[in-house]
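The values are calculated or read from the model by the stated rules, or taken from the named source; none is laboratory data. Treat the numbers as computed from the prediction; the structure is a model and nothing was measured. FYI the Cβ positions are ideal-geometry reconstructions off the backbone, even for glycines, and counts take in every protein chain you see.
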Amino acid sequence: MKISAMQWLACTTLLLITVTIFATMNLSFSWVFFLTVFGQLMLVFTVYKVLKDDYTTDKTFKDFYEDRPDLGES
């Protein structure tokens, strides 16, 4: 099963939020340190996956934001 770039981003975000919760709960330093290092490695890999993702769109800067299409037509 191939994991998409957005799934990598979600997993990395959840891991780093978990690290924050563990640090707040005074969990063992070794667990927090290990998860922090692992989270940083996942973050670097996630950035690579997002930048190399084969995603194309026909939108331009004139389209502005999709939630406000009326602003891009002027």
Counting only residues that are assigned to a loop (DSSP other than H, G, I, E, B) and surrounded by 11 or more Cβ atoms within 10 Å (Cβ to Cβ), how many does segment 43-56 have? 1
With criteria (1) surrounded by 10 or more Cβ atoms within 10 Å (Cβ to Cβ); (2) at pLDDT below 95, residue 74 comes up short on (1)
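Restricting the search to segment 21-42, which residues are surrounded by 12 or more Cβ atoms within 10 Å (Cβ to Cβ) and assigned to a helix (DSSP H, G or I)?
So the first thing to find is which residues in segment 21-42 are surrounded by 12 or more Cβ atoms within 10 Å (Cβ to Cβ), and the list is 22-23, 27, 31-36, 38-40, 42.
Listed by number, the residues that qualify are 22, 23, 31, 32, 33, 34, 35, 36, 38, 39, 40, 42.
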Among the residues of segment 30-51, write down those that are in contact (Cβ under 8 Å) with a residue 12 or more places away in the chain, more than 13 Å from the chain's Cα centre (by Cα) and farther than 10 Å from residue 12 by Cα. 32, 35, 36
Being out of contact with any strand residue (DSSP E or B) (no Cβ under 7 Å at 6 or more places or on another chain) and within 18 Å of residue 3 (Cα to Cα) narrows 46, 24, 57, 20 down to just 46
